[in-house]
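A short write-up of the structure that comes next.
The values are calculated or read from the model by the stated rules, or taken from the named source; none is laboratory data. Not measured: the values here are computed from a predicted model. Note that we place each Cβ from the backbone using ideal geometry, even for glycine, and neighbour counts take in every protein chain shown.
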Amino acid sequence: MPELNWQSPLSISASHRVWWTHDALSNNGDFWREVLAGLEGHCLAFVDSGVAAAWPNLPQRLHELFQKSGASLHLHAIESMPGGEMCKDGLQHAERVARACFEHGVSRRGCVIAIGGGAVLDTVGFGAAMAHRGVPVIRVATSTLSQGDSAMGVKCGVNQFGHKNALGTFCAPHAVICCERLLSTLPFEHWLGGFSEAVKIALLKDESLFSDIESAAPALVARNMDAARPILRRSGQLHRDHILKSGDPFEQGSSRPLDHGHWAAHRLEALSHWQLPHGQAVAIGMALDSCIAAHLGLCSEQHCNRLLHLLQSVGLPCWNPLLNPLSRLHEGLEHFRQHLGGQLALALVTAPGAFVEVNDLSLPALQAAVNRLEAMQRQTTGRHDGT
Ligand SMILES: NC(=O)c1ccc[n+]([C@@H]2O[C@H](COP(=O)([O-])OP(=O)(O)OC[C@H]3O[C@@H](n4cnc5c(N)ncnc54)[C@H](O)[C@@H]3O)[C@@H](O)[C@H]2O)c1
Ligand SMILES: [Zn+2]
């Protein structure tokens, strides 16, 4: 028997601050003073290469804003980070961020600013989390997906061992900024892709958001920012509320509603060697989960068809040839089961705004769902071919 046993609760409190702004780089030193408050010493910025190419004046603007803010923080260097899933390929880019913190004297009192899509935010966040066991990070989200989902969370990580987000950590950002102006140059495929996470959170939690996305679909496809704004903000708010208020921000339990559609999405991304974007993969994963729910009698046929129609109307895919053969896809389910610690917990939607958790999924049910999506795909391509 041990002679001593000390047990006490350990609680960590942090403030989670998010700003939605039309233009984070406008002439507003006051805004940046508020964002940078409490930080001092040296700071580094990493800019997504896609953003850097579209906004060549960004480094100069950032230096000017730092000066105007009067912050006790010196912006030492601005570096480029390969945009997209490429930067999450193993540890090299995250390690580069950590190394740069030492080279530029960035301490736990300073910060790293990550400007870009979800992949760059994940990689830079992970690099900064490793340096000194956690340099504060400011996330400037420049994609629909990062604004409506990923930037709100407390996770970061990279892909390794052929697994999505295999290495990573939980780390709350010092600040999150969602910038509408930077969003304007996001490539169209990624613009559409981000709405998949809005559809996901609407499916799980908010029937009225689901109907709003249905009504806004043509405007979203036309890239109308006035239509996109309320949807992205509501999606970001619902993701944030779930993470901060549901009692399990660090995912210690096995219940993962926000991972709806993600077991298949992550598998398809890996099978595509990271060519299939996350947003599109999640759309396919949701289509699959919805067909599974319909097959199991957990949701109505009408609901399943309504979701498939919505995905198509916002230009998102419901099918990918990598869904076949089933054995390869099924491995993704096993990976998810292992990730959860041995007991599967899939959130399946029963109607917009409601879901149940299932702890088992049979191969015939999975096969039936894949068959349904394949048949739908054949019908659509047949129609396009005029056959
Ligand atoms: N940490 C989390 O909680 C969490 C949650 C959801 C998703 N994610 C991750 O987010 C990533 C997907 O993020 P994403 O959809 O933003 O895609 P992305 O980061 O892969 O970016 C897509 C492309 O758009 C470019 N780009 C981004 N913003 C731009 C802009 N404003 N102008 C021009 N080009 C721009 C990038 O260079 C890239 O080529 C995935 O890796 C996913 O795993 C993380
Ligand atoms: Zn996701």
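Every residue, every condition in (1) more than 16 Å from ligand 2 (Cβ to nearest atom); (2) modelled with pLDDT of 95 or more; (3) out of contact with any strand residue (DSSP E or B) (no Cβ under 9 Å at 6 or more places or on another chain), yes or no:
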position: Leu271; (1), (2), (3): yes, yes, yes
position: Leu276; (1), (2), (3): no, yes, yes
position: Gly279; (1), (2), (3): no, yes, yes
position: Leu296; (1), (2), (3): yes, yes, no
position: Asn305; (1), (2), (3): yes, yes, yes
position: Gly315; (1), (2), (3): yes, yes, yes
position: Leu323; (1), (2), (3): yes, yes, yes
position: Thr350; (1), (2), (3): yes, yes, no
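Go over the candidates Val97, Val106, Val124 one by one and state the one that is more than 17 Å from Ser49 (Cβ to Cβ), more than 16 Å from ligand 2 (Cβ to nearest atom), crowded, with 24+ Cβ neighbours inside 10 Å and not basic (Lys, Arg).
Testing whether each residue is more than 17 Å from Ser49 (Cβ to Cβ), more than 16 Å from ligand 2 (Cβ to nearest atom), crowded, with 24+ Cβ neighbours inside 10 Å and not basic (Lys, Arg) leaves just Val106.
Given the structure, is Arg181 outside any strand (DSSP E or B), away from ligand 2 (no atom under 16 Å from the Cβ) and without any contact (Cβ under 8 Å) to a residue 60 or more places away in the chain?
Taking the combined requirement at face value, the residue does not satisfy it.
For (1) surrounded by fewer than 20 Cβ atoms within 10 Å (Cβ to Cβ); (2) away from ligand 1 (no atom under 15 Å from the Cβ), each residue gets a yes or a no:
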site	(1), (2)
Leu145	no, no
Ala151	no, no
Gln160	yes, no
His163	yes, no
Phe170	yes, no
Ile201	no, no
Asp212	yes, yes
Met225	yes, no
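State whether the residues of segment 66-76 include one that is at pLDDT 95 or above, surrounded by 18 or more Cβ atoms within 10 Å (Cβ to Cβ), of a type outside the set (D, E, K, R) and closer than 23 Å to Gln147 by Cβ.
Scanning segment 66-76 turns up no residue that is at pLDDT 95 or above, surrounded by 18 or more Cβ atoms within 10 Å (Cβ to Cβ), of a type outside the set (D, E, K, R) and closer than 23 Å to Gln147 by Cβ.
Of (1) away from ligand 1 (no atom under 12 Å from the Cβ); (2) in a helix (DSSP H, G or I), Glu269 satisfies all except one. Which?
The one condition Glu269 does not meet is (1).
How many residues does segment 17-32 contain that are part of a strand (DSSP E or B) and exposed (fewer than 15 other Cβ atoms within 10 Å of the Cβ)?
Qualifying residue count, segment 17-32: 1.
To keep it simple, each residue is scored yes or no on (1) acidic (Asp, Glu); (2) over 26 Å from Ser300 (Cα atoms); (3) in a helix (DSSP H, G or I).
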{"position": "Leu322", "(1), (2), (3)": "no, yes, yes"}
{"position": "Arg328", "(1), (2), (3)": "no, yes, yes"}
{"position": "His335", "(1), (2), (3)": "no, yes, yes"}
{"position": "Gln338", "(1), (2), (3)": "no, yes, yes"}
{"position": "Leu348", "(1), (2), (3)": "no, no, no"}
{"position": "Val356", "(1), (2), (3)": "no, no, no"}
{"position": "Gln367", "(1), (2), (3)": "no, no, yes"}
